[in-house]
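**Student:** Have a look at this one before I ask anything.
The numbers here are math on the coordinates, done by the rules we state, and not lab data. The structure displayed is predicted, hence computed values, not measured ones. Note that we place each Cβ from the backbone using ideal geometry, even for glycine, and neighbour counts take in every protein chain shown.
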Amino acid sequence: MYNAHRGGMGPTSANNSNNRLSELFDQIRREFDVHAQDRAGEHDQNMAAQMQEMELVRQKVYELERNQMQIKQRYDEDIARLRHEIEARGGPLRM
């Protein structure tokens with residue numbers, strides 16, 4: 001009697017409710033998949049950007065290292081040249 005005023009819950013009505021529920025779950029699943037793919041794409045882009053930035057930093061470090069080695073080599077050459085000049089002038093060598 002309670003469901004009589006609602007049109008009852010016969011087998012057809014229950015099947016319609018189940019079908020509708022399945023459709024809604026499928027729609028939610030599709031929307032979730034779309035958002036998950038978007039997030040995966042964003043994640044891939046972020047990862048690629050970070051990898052590119054790390055490569056740039058690596059290149060800069062190698063460049064700095066090369067520059068430092070060149071400067072040190074010039075410094076050592078200057079020291080050797082100055083020592084040679086001091087020796088040529090007969091001055092004392094201190095270390």
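**Student:** Would you work out which of A36, N18, M47 lies farthest towards the positive end of the dipole of segment 14-76, given +1 charges on the beta-carbon of Lys and Arg and -1 on that of Asp and Glu, about the Cα centre?
**Tutor:** Among A36, N18, M47, the one farthest towards the positive end of the dipole of segment 14-76 is M47.
**Student:** A further question follows. If the only charges are +1 at each Lys and Arg Cβ and -1 at each Asp and Glu Cβ, what is the size of the charge dipole of the chain around the Cα centre, to the nearest 20 debye?
**Tutor:** Numbers: 14 positive and 16 negative charges, 53 e Å.
It comes to approximately 260 debye.
**Student:** Separate question: Hey, what's the per residue convex hull volume over the C-alpha atoms of the chain, in cubic angstrom?
**Tutor:** Values: hull volume 13.1 nm³, N = 95.
Spread over its residues, the Cα hull of the chain gives 138 Å³ apiece.
**Student:** I've got another one for you. Extending each Cα 7 Å along its Cβ direction at S17 and E53, get the distance between those two points in nm, one decimal.
**Tutor:** 5.3 nm
**Student:** By how many degrees, 0 to 90 and rounded to 10, does the Cα axis of helix 11-88 deviate from the longest principal axis of the chain?
**Tutor:** That helix lies at roughly 0 degrees to the long axis.
**Student:** Let me have the 222 nm mean residue ellipticity of the chain computed from DSSP H runs of 4+ only, each contributing -39500 (n - 2.57), with the sum over all residues rounded to the nearest 500. Could you put the intermediate results ahead of the total?
**Tutor:** Details: 1 runs with 78 residues, N = 95.
Calculated from helices alone, the mean residue ellipticity at 222 nm is -31500 deg cm²/dmol.
**Student:** In a GNM of the chain with a 10 Å cut-off on Cα contacts, which of R58, R20, R39 has the highest mean-square fluctuation?
**Tutor:** Of the options given, R20 has the highest mean-square fluctuation.
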